[in-house]
Every structure is written in structure tokens, then in C-alpha cells.
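Down below is the structure, laid out as C-alpha cells.
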Amino acid sequence: MDQLVEVGTSIEDYAFKITTDEELKLSDLRGKNVVLSFHPLAFTSVCATQMKDLEANYDKFEELNTEVLGISVDAMPSKKAWGEQLGVERVLLAEDFWPHGGFAKKLGIFRENDGFSERANIILDEEGKVIFAKVYEIGTLPDVDELLEVIENQ
């Protein structure tokens, strides 16, 4: 893994394909906090629980003026099918498929030897600056309450 992006860093604009078949740019979300929730691969148990936890807490994120993106290297057809299977309707599932892991590489969380990102959460403030960045063990489920607390206390 390269160096994890540091708190205080401004993240340059990046465009994602999301499950609504649209393109979403980070700049489209300026004025909102953004949770970039990276998961290694769709159709795996911890990743599924990670996305379902975010979905279950979506109203709390919304109250805090926060958009949530679930990001992995999976191609959009796969992410879309997975999201439908999980019942994830409000969390935006985004692909970091091509260039393969390009966004994860920019943030220092791409695992070259594995071909996917670390399990990580990065929170951007309303200006697009990193206010939180944490990598978790691959098999560890991130704590949603930790994310909500960081946003509440910024």
C-alpha cells in the first residue's frame, strides 16, 4: 500500500459511474460531507454487511448533510446486481473499475498484489478536504457510529 491520504488534503475532482447509470463527480457533492467507503469486492460477506450498515444509517447521514459512496473495483453491472440483491437503494454504489483502482491509487489504498482497494473509510468535508481517513483489516467491519461521530464533531 502507498501512503494513506492525509487529513487536511484537498481531494481533486474525480468522476465515478454509479448504480443509477449516471456519472457522478466529487465536485457535484461540494457543500456536503462525503463518506468514501471502500470495500474490496462485491459479493463478499464483510463487504455486504458494510454496505447494509451504511444503508441502515442513511437517514442519520442525511441529517448531517452527508452523501455516502460505496466504492470498489467491481464493474457497474456487477455492483448494480449486488446492490439490488442487498437492498441498497440510497447509498450510491460507485465503481473504481477503469482505470483499474485509479481512485484508490490516488488515495494510497490500492493493494497492487491483490488488484483491489483496502477496506477503508475516508470522509471529506463540504469543501472536499479529508477530515478522516482509516484503513481496516480486510476482514474487519468498519464501525458506522465512528463515522457519524467524526461528522458530528467536525
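The values are calculated or read from the model by the stated rules, or taken from the named source; none is laboratory data. Owing to the predicted nature of the structure, the values given are computational and were not obtained by experimental measurement. Reconstructed Cβ throughout: ideal geometry from the backbone, glycine too, with neighbour counts over all protein chains shown. Areas reflect the complete protein model, heavy atoms only, side chains present, ligands, DNA and RNA absent. Shrake-Rupley method; radii C 1.70, N 1.55, O 1.52, S 1.80 Å.
What to note about this one:
- The residues of segment 111-138 that are in contact with a Lys or Arg (Cβ under 8 Å, 6 or more places away or on another chain), outside any strand (DSSP E or B) and either open to solvent by 10 Å² or more (accessible area, probe 1.4 Å) or among the hydroxyl-bearing types (S, T, Y) (or both), listed by number, are E118, E126, E127, E137, I138.
- The requirement of being assigned to a strand (DSSP E or B), over 26 Å from N153 (Cβ atoms) and not acidic (D, E) is satisfied by L24.
- Selection count where residues are in a loop (DSSP other than H, G, I, E, B), within 16 Å of P40 (Cβ to Cβ) and open to solvent by less than 40 Å² (accessible area, probe 1.4 Å), scope segment 83-110: 5
- Residues of segment 14-46 classified as more than 24 Å from E84 (Cα to Cα) and free of Cβ contacts under 8 Å to residues at least 60 places away in the same chain, total: 1
- Positions within segment 63-82 being touching a strand residue (DSSP E or B) at 6+ places or on another chain (Cβ under 9 Å), free of Cβ contacts under 8 Å to residues at least 60 places away in the same chain and either of a type in the set (V, I, T) or open to solvent by 50 Å² or more (accessible area, probe 1.4 Å) (or both), in sequence order: V68, I71, V73
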